[in-house]
Amino acid sequence: MSTQTATAAIDIRETSKIYGRNRETGVVALDQVSLAIRDNEFFTLLGPSGCGKTTLLRLIAGFEQPTHGEILLFGEHLEGLPPYKRPVNTVFQHYALFPHMTVAENISFGLEMLDTPNTQISSTVKEVLGLVQMEHLANRKTDQLSGGQQQRVALARALAPKPKVLLLDEPLSALDFKLRKEMQVELKRLQNETGITFIFVTHDQEEALTMSDRVAVMRDGLILQVGNPREIYDRPAKRFVADFIGDINILKGRILSKNGAQATVKLNAGYQGTAGLPAETDSLGDEVSIAIRPEQLSFVSGAGPEHLSGSIQHISYFGSGFDYEIVMPTGETIMLQLQNRGAGDHAYTVGDRAHIAISENSMQILAD
Amino acid sequence: MSDQPSANIQPSSSVVAEEKRLRNTRLGLLAPGILTIFCIGIMPLSIVLVYSFLEPGDFGGVSWVLSFDAYVQLLFEEDIFDETLSFTTDYLQIFLRSVGLGLFTTIACLLVGFPTAYFIATQPPARRNAWLFLITIPFWTNLLIRTYAMLLILRDQGIINLALIEIGLIDRAIPILYTDFAVCLGLVYAYLPFMVLPIYASLEKLDFRLVEASYDLYATRFKVLKRIIIPLAKPGIAAGCILVLIPSLGAFITPALLGGGKSLMIGNLIELQFGQARNWPFGSAIALVLMVLVMLSLMTYLRYGARKGAPAHG
Amino acid sequence: MVDIATTARRKIIKGIDLKYQPGFSQITWFCIVVLYAPIAVLVLFSFNENRSVTVWTQFSLDWYVKAWENEGIQHAALVSLEVAFVAMVISTILATMAALVTTRTPPYRGMNIAVAVINQPLMVPEVVTAVATLIFFAIIKQATGISGIGYLIAAHTAFCIPFAYMPIRARLEDMDLSLEQAAADLYAPPFKVFRRVTLPLLMPGILAGAMLAFIVSLDDVIITLFVAGPGETTLPLYILGQIRRGVTPEINAVSTVFLGISVILVTFIFLFGKDKK
């Protein structure tokens, strides 16, 4: 093996999509995005609506053509290929099952179009129906199925032609909470069993973190950060990423010294410690934003220079835990989250003075 | 960041090819339909315009001499002997009658059509379809036959007169047929579904939680109707009015059957010029007057009726 | 006690029916009576044994037999069917093509104009269209010397296109574009997408459009009156001629059959239209 990385499943190179005549008057849906998605990876495009994630998916599927740039599938250029000549399949947001066909007919459609021999079609249909546990409903019309069942058929239909890459456009968004949890596990299992590269589009950060090998966070047609779920959550590079995923405290502070990917910082609120440092960052001494997750904070009994302190302004209870809002002397508000471990655990009430400790190595400097 | 961000961004060749293919497909599929309507619907209209400025031929048709006689004839009568012109209201009367009957028909249809549409829209869905079906059937059945049925009823020997005589209210048949009233009745009968259906369409979409909200805010039934329901149904009402007014203005069958020679409308006048009178330029001129009336109604509609709620401008 | 309680509750329920407006149901019934009473009278007297269309004597099918044996009616019916059938086929094909490119492509310059042109016959009074067509055809006849029923069919076709177009377009607008994308994604080239997905799903719309076109052509009086040449008398023209001569139960009989056909077709359209859930 060479030291070169293996060919990417999908290689997107400086790709832009502009709706309208040009950059100035049109809408820039994708802005010179570059991204490599590895073979056999569960990759998620995460971002709010309008961030360009669905556009990117549609460019890969071939429903739309990039205004600029190129997309390679296992090293081969996709330019100019219509959707029906691309060995990728899509699971649509609202499933797009053909209402005039049965479940089996829906699933065999792609194979028929590829002129697969009939015997092979029926065995493949059987196989994928088994994969999604829908054998018993093969001859149903699709409008007689529940949402979850339709979802499975849509998956089976897209998997049947054995695509090189499977594209999933917010496929779980129409399901209710419990079903969605089930399907998350199911999707992960399918991806393991088939070994197909999955590209999954969602605006649900929790979904992205649970299922993905890697996540790309997008906003305004740009990719802000690519990484595995831990990196994205614990070491957000940008303020938007930190804000978009989970709850976060953002406090002001100054960099005292730098050491590679780490820096020593001093918070305006008093605390001094090490924080993660993203690649392109501010010089020493400038005021920076520092992110701390609420669950990395805890109450301590005594005051001290290594602690923050303030008064409790608000407490909210959400079943499995409590959120405390604490106002510090700097005027900054900080949120602290505690697990619910039974009665008597937290003796604090609104108005109390509290001292807070920050877990080791849990601060992260943000680029704007 | 590059200094000229747009300079290096050229649409890739596949985009251009795709657009070209799309354009050709579009053109290929649209052209036959458009062409048919253009040749048989739109181009002839301009020929009508040309014809209205020519002189009538001896046996129908035209002779190619520029003339404004057709338009002069609308308002003035030429004396056969000394060729002087004198003002006449003969044709003006017919135009006014057409406009009057058209407006009257529209109002009558609205007064009956709105409550009907509202009633249907507030029925449970299953029954709603049955009602709608009852309204739709006359919409698509032969207007000539329906007008003939009306004629059977309105005749001197028709059901209405016979019934009135039977109960002793009158002792001789009162002439209903061949009056403006009969024509108006026939027009309402003919175009009532045109009023009900669009109003129904806008009422069906109405969110009745708004009605609940206004009751909650102390509105009475009538106030709810006036302040909430009617304003929200305005697009449907406007569409219904224009759908009744336009065919009423150009009505031909109804006045021909129920108006006879006494209650002529523009449509009959046009037919007369192309039939017995053999004056094609005059017929063309009248047809253009009718077109102008219709355009005026349409423009009024587009200006005040087409948009929701607030009076639109421009 | 219980009884009083239930009636009281019923009264309250009726009292707070928020959608109720006084008098509206009566007006609706009035509307239905106005729409159907004349037709009912017409149908009733087509079965009258007497020559009168006002005084009922005895049930009889004589007038239907007479109408059936009337050669003028037979000929007119055949002309009507021929014209309506050809006009239906051509206008439905043209309307389907036009509907596909006014809904299935991204918006483009001129699309609104195209839609306006297609709907033009609906916006112009039929008398004006009839006059314009008459003049236009007279010019062509004079220039080419060709005559025949083709002119009538062409006029009907143009007039029928917007009617066929409406339900087809409505159906297409209701159809999810992602179905066609899904087919393309599953390796179906454009023609197969159309044949396997678009066309089958569009079929109810096309059938409804075709029937509307057929009815509109079959019913047409005004354009036909102006454009039809000698020997091209359609059934409505024949009926109009007879009415102008005086009323007979024979007209009632023909009209009743005619109405029956329309009602059957409208019922079909209605059922197809309700096909979508």
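Rule-based calculations on the coordinates, nothing more; no lab input. Note that the structure is predicted; figures quoted are calculated from it, not measured. Every residue, glycine as well, gets a Cβ built from its backbone with ideal geometry; the counts of neighbours run over all protein chains shown.
Under 13 Å from the Cα of B:Lys223, which aspartates and glutamates turn up, not counting those fewer than eight places away in the same chain?
Reachable aspartates and glutamates: B:Glu212.
Hey, what D do you get for the stretch B:29-124 in µm²/s if you plug the Kirkwood alpha-carbon radius into Stokes-Einstein at 10 °C and 1.306 mPa s? The partial results should precede the final answer.
Details: Rh = 18.3 Å.
Stokes-Einstein gives a translational diffusion coefficient of 87 µm²/s.
Write down, largest first, the equivalent ellipsoid semi-axes of the stretch A:151-198 in whole Å, where each equals the square root of 5 times an eigenvalue of the alpha-carbon gyration tensor. Don't skip to the answer; put the middle values down first.
Details: eigenvalues 72, 26, 15 Å².
Gyration-tensor ellipsoid for the stretch A:151-198: 19, 11, 9 Å.
Measure off 7 Å from each Cα along the Cα-to-Cβ vector at A:Lys126 and C:Tyr108, then give the distance between these two points in nanometres to one decimal.
For A:Lys126 paired with C:Tyr108, the spin-label model returns 4.8 nm.
Using 1/(1 + (r/R0)^6) with R0 = 51 angstrom and r between the beta carbons of A:Glu193 and A:Asn340, what's the FRET efficiency to the nearest 0.05? List each step's numbers first, then the result.
Values: r = 37 Å, r/R0 = 0.73.
For A:Glu193 and A:Asn340, the calculated efficiency is 0.85.
Averaging the inverse of every distinct alpha carbon separation and then flipping it gives the Kirkwood radius. What is it for the stretch B:148-214, in angstrom units? List each step's numbers first, then the result.
Values: mean 1/r = 0.0672 Å⁻¹.
Every distinct Cα pair counted, the radius reaches 14.9 Å.
Note down the net charge around A:Thr333, summing +1 for each Lys or Arg and -1 for each Asp or Glu among other residues with Cβ under 13 Å from its Cβ. Please report the intermediate quantities before stating the final value.
Values: positive: A:Lys252; negative: A:Asp247, A:Asp323, A:Glu325, A:Glu332.
Neighbourhood net charge equals -3.
By what distance, in whole Å, do the Cα atoms of the stretch C:91-136 stretch along each of the three principal axes, largest value first?
Its Cα atoms span 38, 22, 16 Å along the three principal axes.
How high is the FRET efficiency from A:Thr7 to A:Leu256, r the C-beta distance, R0 45 Å, rounded to 0.05?
Values: r = 44 Å, r/R0 = 0.98.
The calculated FRET efficiency here is 0.50.
Can you work out the PRE-style zone for B:Ala277? Point 7 Å along Cα to Cβ, and I want the residues of the stretch C:126-165 with backbone N under 18 Å.
Correct set: C:127-132, C:134-135.
For the stretch A:247-366, just the Cα atoms, rotate onto the principal axes and tell me the three extents in Å, largest first.
Its Cα atoms span 46, 26, 20 Å along the three principal axes.
If only Cα atoms are counted, what is the Rg of the stretch B:13-68, and what is its Dmax, in Å?
20.4, 64
With chain A treated as a Gaussian network of Cα nodes joined by springs under 10 Å, which of A:Thr333, A:Thr202, A:Thr119 yields the largest mean-square fluctuation?
Its mean-square fluctuation being the largest, the pick is A:Thr119.
What Kirkwood radius, in Å to one decimal, follows from the Cα pairs of the stretch A:70-123? Walk me through the numbers before you get to the answer.
Values: mean 1/r = 0.0751 Å⁻¹.
Mean inverse Cα-Cα distance, inverted, gives 13.3 Å.
Could you work out the percent of alpha carbon pairs in the stretch A:223-313 separated by over 17 Å, rounded to a whole number? Mind dumping the intermediate values first?
Working: 2188 of 4095 pairs.
Pairs farther apart than 17 Å: 53 percent.
On average, how much area does the Cα convex hull of the stretch A:14-145 cover when viewed from any direction, in nm²?
On the way: hull surface 41.5 nm².
For the stretch A:14-145, averaging the hull's shadow over all directions gives 10.4 nm².
Helix-only mean residue ellipticity at 222 nm, chain C, DSSP H runs n ≥ 4 weighted -39,500 (n - 2.57), per residue, nearest 500. What is it? Numbers along the way, then the final one.
Details: 13 runs with 211 residues, N = 277.
Rounded to the nearest 500, the figure is -25500 deg cm²/dmol.
Can you compute log10 of I(q)/I(0) for the stretch A:57-216 with the Debye formula, treating each Cα as one identical point scatterer, at q = 0.08, 0.09 Å⁻¹?
Values returned for q = 0.08, 0.09 Å⁻¹ are -0.23, -0.29.
For the stretch C:198-277, what class follows from the C-alpha gyration tensor (a ≥ b ≥ c being the square roots of its eigenvalues): rounded when a/c is under 1.5, otherwise prolate if a/b is larger than b/c, else oblate? Could the numbers behind the result be given before it?
Details: a/c = 4.51, a/b = 1.97, b/c = 2.29.
It is oblate, given that a/c is not under 1.5 and a/b is not larger than b/c.
What number, in percent, do you get for the relative contact order of chain A if the mean sequence gap of Cα pairs under 8 Å and at least 6 apart is divided by its residue count? Working shown, then result.
Numbers: 749 pairs, mean separation 55.4, N = 368.
In percent, rounded to a whole number, it is 15.
Bin all alpha-carbon pair distances of chain A at 10 Å intervals from 0 and give each bin's fraction as a whole percent.
5, 20, 25, 22, 16, 10, 3, 0
Show me, bin by bin at 5 Å from 0, the whole-percent P(r) of the stretch C:152-195 based on Cα pairs.
Result, from short to long distances: 5, 19, 16, 15, 14, 12, 10, 6, 2, 0 percent.
If the reach is capped at under 19 angstrom between alpha carbons, list the aspartates and glutamates near A:Lys85, excluding any in the same chain fewer than eight residues apart.
Cross-link targets: A:Asp11, A:Glu64, A:Glu70, A:Glu76, A:Glu112, A:Asp115, B:Glu18, B:Glu19, C:Glu180, C:Asp185.
Bin width 10 Å, alpha-carbon pairs only: give the P(r) of chain C as whole percents, running from 0 to the bin holding the largest distance.
6, 20, 24, 21, 16, 9, 4, 1, 0, 0
With loop defined by DSSP as not H, G, I, E or B, and exposure as at most 13 other Cβ atoms within 10 Å, which is the longest segment of chain A clear of exposed GluC sites (Glu not before Pro)?
Numbers: sites that count: A:Glu24, A:Glu280, A:Glu306, A:Glu360.
No qualifying site falls inside A:25-279, the longest such stretch.
Going through the cross-link list A:Lys17/A:Lys53; A:Lys164/A:Lys188; A:Lys162/A:Lys188; A:Lys164/A:Lys238; A:Lys53/A:Lys238, which pairs have a Cα-Cα distance over 21 Å in this structure?
On the way: A:Lys17/A:Lys53 11 Å; A:Lys164/A:Lys188 17 Å; A:Lys162/A:Lys188 17 Å; A:Lys164/A:Lys238 33 Å; A:Lys53/A:Lys238 18 Å.
Correct reply: A:Lys164/A:Lys238.
From the Cα gyration tensor of the stretch A:1-89, with a ≥ b ≥ c the square roots of its eigenvalues, which class applies: rounded if a/c is under 1.5, or else prolate if a/b is larger than b/c, or else oblate?
prolate
Using the Kirkwood radius built from alpha carbon pairs, what does the Stokes-Einstein equation give as D for the stretch B:90-305 at 25 °C and 0.890 mPa s, in µm² per second?
On the way: Rh = 19.2 Å.
This corresponds to a translational diffusion coefficient of 128 µm²/s.
Go ahead and estimate [θ] at 222 nm for chain B from helices alone: -39,500 (n - 2.57) per DSSP H run with n ≥ 4, summed, over the residue count, rounded to 500. Let's see the in-between values first.
On the way: 13 runs with 193 residues, N = 314.
When only DSSP H runs of four or more count, the value is -20000 deg cm²/dmol.
For chain B, set up a Gaussian network in which alpha carbons nearer than 10 Å are linked by springs, and say which option among B:Val112, B:Val294, B:Val211 fluctuates the most.
B:Val211
How about the stretch A:230-320: which chymotrypsin sites (Phe, Trp or Tyr not before Pro) there lie in a loop by DSSP and see at most 12 other Cβ atoms within 10 Å? Don't skip to the end; give the middle numbers.
Values: sites: A:Tyr233, A:Phe240, A:Phe244, A:Tyr271, A:Phe299, A:Tyr317, A:Phe318; in loops: A:Tyr271, A:Phe318.
The qualifying sites are A:Phe318.
Taking the Kirkwood radius as the inverse of the mean 1/r across Cα pairs, report the Rg/Rh of the protein assembly as shown. The partial results should precede the final answer.
Working: Rg = 37.4 Å, Rh = 34.4 Å.
Expressed as Rg/Rh, it is 1.09.
Can you tell me the mean projection area, over all orientations, of the convex hull of the stretch A:147-276's alpha carbons? Units nm², please.
Numbers: hull surface 41.4 nm².
Projected area, direction-averaged: 10.3 nm².
Given a cut-off of under 8 Å on Cα pairs at least six residues apart, what relative contact order in percent is computed for the stretch B:116-266?
After rounding, I find 30 percent.
Average the reciprocal distances over every distinct pair of alpha-carbons in the stretch B:224-275, invert the result, and give the Kirkwood radius in Å.
On the way: mean 1/r = 0.0763 Å⁻¹.
Roughly 13.1 Å, rounded to one decimal.
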